[in-house]
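> Have a look at this one.
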Amino acid sequence: MSRKARDPIVLPQGVEVSIQNDEISVKGPKGSLTQVLAKEVEIAVKGNEVFVTPAAHVVDRPGRIQGLYWALIANMVKGVHTGFEKRLEMIGVGFRAAVQGSLLDLSIGVSHPTKMPIPTGLEVSVEKNTLISIKGINKQLVGEFAACVRAKRPPEPYKGKGIRYENEYVRRKAGKAAKTGKK
C-alpha cells in the first residue's frame, strides 16, 4: 500500500476541488484540470483536505489504485497552484531553437528544419537560442512534450551532442583507441 496515500492532500490557498459523478475537478489561479475517477477509489473533500481511499468492494491490492489517484490529484493541485516546468538544453554546433506562433522550430543538424506543433495548454519559450523552457499546469502534458522534443535528437555518448534535460547526466564513452606500434 502506498504510504503517501494514507495522508490527506492539503489544498493551498485559492485551490478548489469539486467532485461530480465520476470526475474530479481542480480549479486554481493558473487554470483548471479534470480527471475521470475509477470505481475502485473513493474521494472525500473535508475542509482544505482531500482524502483518497479504496472503495469497499476492492479486495485485490487496494493500495495500488489508492496511490495512483493520490499522486494524480496531488499533481493536479500543484499544477493549478504553481505549475510545472521542464527545461531542455541543446548542445552542438549550429543547434538552435525558435518559437514561431504555435510551432517549435528546431535546427538540430539535419538537412531540413524540424517543426513541432506546441500542444494547447503549454507555454514554450526559448532563451539564448539553445535553452528551451516548457511550462504548463498538466504534468503529464509537460513531460510528454519535453520527451518528444528530446527524442528528436537525444544526446549521444561520444561527444554529448543533442538535446538533453537541464542538469541531465550523459554517460560518456571513450572513442576509438589509436593504433600503436610499427607497421
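> Suppose R0 equals 41 Å. What FRET efficiency, 1/(1 + (r/R0)^6) with r the Cβ-Cβ distance, do Ala147 and Lys46 give to the nearest 0.05?
0.65
> Helix 62-81 sits at what angle to the longest principal axis of the chain, using alpha carbons and giving 0 to 90 degrees rounded to 10?
Here the helix axis deviates by roughly 70 degrees.
> Please list the non-local residues whose amide H lies under 5 Å from the amide H of Arg153, H modeled 1.01 Å from N, same-chain partners needing a gap of 5 or more.
Sorted by chain and number, the residues that satisfy this are Ile163.
> Springs between alpha-carbon atoms under 10 Å, Gaussian network over the chain: tell me which of Gly47, Gly67, Gly14 tops the mean-square fluctuations.
Taking springs between Cα atoms under 10 Å, the residue moving most is Gly47.
> Binning at 10 angstrom from zero up to the longest distance, how are the C-alpha pair distances of the chain distributed in percent?
Reading upward from the zero bin: 9, 28, 23, 20, 14, 4, 2, 1, 0.
> Can you return the aspartates and glutamates within cross-link range of Lys139? Criterion is Cα-Cα under 15 Å, with same-chain partners fewer than 8 residues away left out.
In chain and number order, the partners are Glu85, Glu123.
> When Thr180, Thr114, Thr34, Thr120 are ordered from fewest to most other Cβ atoms inside 10 Å of their Cβ, what list results?
With the sparsest Cβ surroundings first, the list reads Thr180, Thr120, Thr34, Thr114.
> Kindly write out, for region 89-105 in residue order, the coupling ³J(HN,Hα) from the Karplus curve 6.51 cos²θ - 1.76 cosθ + 1.60 (θ = phi - 60°), rounded to whole Hz, with x marking Gly and Pro.
Residue by residue, region 89-105 yields 10, 9, 10, x, 5, x, 7, 8, 9, 8, 9, 10, x, 9, 10, 9, 9 Hz.
> List the residues whose amide H sits under 5 Å from the amide H of Val41, counting only those 5 or more places along or on another chain, with H placed 1.01 Å from N in the peptide plane.
When sequence neighbours closer than 5 places are left aside, the close amide H contacts are Ala55.
> Nearest 500 deg cm²/dmol is fine: what mean residue ellipticity at 222 nm does the chain get from its DSSP H runs of n ≥ 4 alone, each adding -39,500 (n - 2.57), divided by its residue count? Please report the intermediate quantities before stating the final value.
On the way: 2 runs with 34 residues, N = 183.
That calculation yields -6000 deg cm²/dmol at 222 nm.
> Would you pull out the residues with amide H under 5 Å of Glu49's amide H, same chain only if 5 or more places away, H placed 1.01 Å from N?
HN-HN under 5 Å from Glu49: Leu11.
> So which lysines can Lys152 reach, going by Cα to Cα under 18 Å and dropping same-chain residues fewer than 8 places off?
Lys86, Lys115, Lys161
> Can you check how the C-alpha radius of gyration of region 4-81 compares to 2.2 N^0.38 Å, as a plain ratio?
1.04
> Positive end of the dipole of the chain, charges at C-beta (+1 Lys, Arg; -1 Asp, Glu), about the Cα centre: which of Ser125, Val93, Tyr169 has its Cα farthest in that direction?
Of the listed residues, the answer is Val93.
> Still on this structure, I have one more. Taking chymotrypsin sites (Phe, Trp or Tyr not before Pro) as exposed when DSSP calls them loop (any state but H, G, I, E, B) and at most 13 other Cβ atoms lie within 10 Å, what is the longest stretch of the chain free of them, the sites themselves excluded?
1-157
> Related question: Averaging over all projection directions, find the projected area of the Cα convex hull of region 84-165 and quote it in nm² with one decimal place. Walk me through the numbers before you get to the answer.
On the way: hull surface 20.1 nm².
Mean orientational projected area (region 84-165, Cα hull): 5.0 nm².
> Taking Cα atoms, how many degrees apart are the long axis of helix 139-152 and the longest axis of the chain, rounded to 10 and kept between 0 and 90?
So the inclination is approximately 20 degrees.
Any read-out appearing in this document is the output of simple, stated calculations on the displayed coordinates, not a laboratory observation. From a predicted model like this one, the values you see are computed outputs, not experimental measurements. We place every Cβ from the backbone using ideal geometry, glycine too, and count neighbours over all the protein chains shown.
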